[in-house]
1. By how many degrees, 0 to 90 and rounded to 10, does the Cα axis of helix 64-90 deviate from the longest principal axis of the chain?
2. What part of the accessible area of segment 64-121, given as a whole %, is carbon or sulfur when the probe is 1.4 angstrom?
3. Give or take rounding to whole Å, what are the principal axis extents of the alpha carbon atoms in segment 64-121, in descending order?
4. With the calculation restricted to Cα positions, what are the radius of gyration and Dmax of the chain in angstrom?
5. If I fit a long axis through the Cα atoms of helix 96-121 and take the longest principal axis of the Cα atoms of the chain, what angle between them do I get, 0 to 90°, rounded to 10?
6. To check you understand DSSP bridge types, tell me what percent of the beta bridges within the chain (both residues inside) are antiparallel, rounded to 5.
7. With r as the distance between the Cβ atoms of Val13 and Leu107 and R0 = 41 Å, compute the FRET efficiency 1/(1 + (r/R0)^6) and round to 0.05.
8. Percent relative contact order of the chain, based on C-alpha pairs within less than 8 angstrom and at least six residues apart?
Amino acid sequence: MNFETEAYIDEYVIDGRNTGVFAGDDTSITYTPEHSDMSSSVSIPTDEITSVTFRRNTSFLRNQFLGWFFAAVTLVLILIVSLFTVGAITGGSISQRMMLMILFMFLMVLGGISTTYEYFNGEEYDVIIASIRSDDGESQVFTGRMKNTDFVEACGELIESDIETQNLNKKLRSELDD
C-alpha cells in the first residue's frame, strides 16, 4: 500500500478549505492539512488501525424535483413582476415604492433563474467517506469525491491492504474494486 492524494478531513464541504494531503504506506496513514488553522495533522500507525469503513454520501447529487420547484416559483415571480410593471405603466404614474418593489422582485427572479440553472446543470458531488478507527477508540473521517480518481484508487489500496475494511454501500463496492 502506497498512496498520496487530496482529501477532506471530518466532512465534505463544497469548495471548502478543509483539504489536505491524505497519504498512506505500510507503516502509517497520515493527513496533512493545507491550512493548519482548519485542522491539525494526523498520523495513525497501521498496526493501531482496527477498521476502515467506507460509505457513500449522495445527498449532494442534483435533485431534479427541486429544480422543477424553483422553475415554477421563478415563473410565478416573472408573472407577478410583469403584472406589477404593466399595471404601473398603464396607471400613468409609478411611485418610488412601486419601483423599489419591482426592482426587488426582479432581483428575486434573477436569483430564481440562477438557482434553477444550478439544479439542472450544476456539478454533481458524489462523495466517498472513509472512517478510520484506531485501537484507542478514536475515529478519523476522510472524504473525497468520486471524480477524484486518486482518492478512489487510495481507497482501493486500503481495501487491498491487510487492514480490516468494510464497505457499507453496494454501488460503491464496484467502483472501489476496479
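1. Compared with the principal axis, the helix lies near 20 degrees.
2. On the way: 3330 of 4310 Å².
With neighbouring chains kept in place, the figure for segment 64-121 is 77 percent.
3. Largest first, segment 64-121 extends 42, 15, 12 Å along its Cα principal axes.
4. 24.3, 81
5. 40
6. For the chain, the DSSP antiparallel bridge percentage is about 90.
7. Computed FRET efficiency for Leu107 and Val13 comes out at 0.90.
8. 31
The values are calculated or read from the model by the stated rules, or taken from the named source; none is laboratory data. Here the structure is a predicted model, which is why all the values come from computation and not from measurement. Neighbour counts are summed over all protein chains in view; Cβ atoms, including those assigned to glycine, are modelled from backbone coordinates with ideal geometry. Heads up: the accessible areas ignore ligands, DNA and RNA and are worked out on the full protein's heavy atoms, side chains in. Shrake-Rupley method; radii C 1.70, N 1.55, O 1.52, S 1.80 Å.
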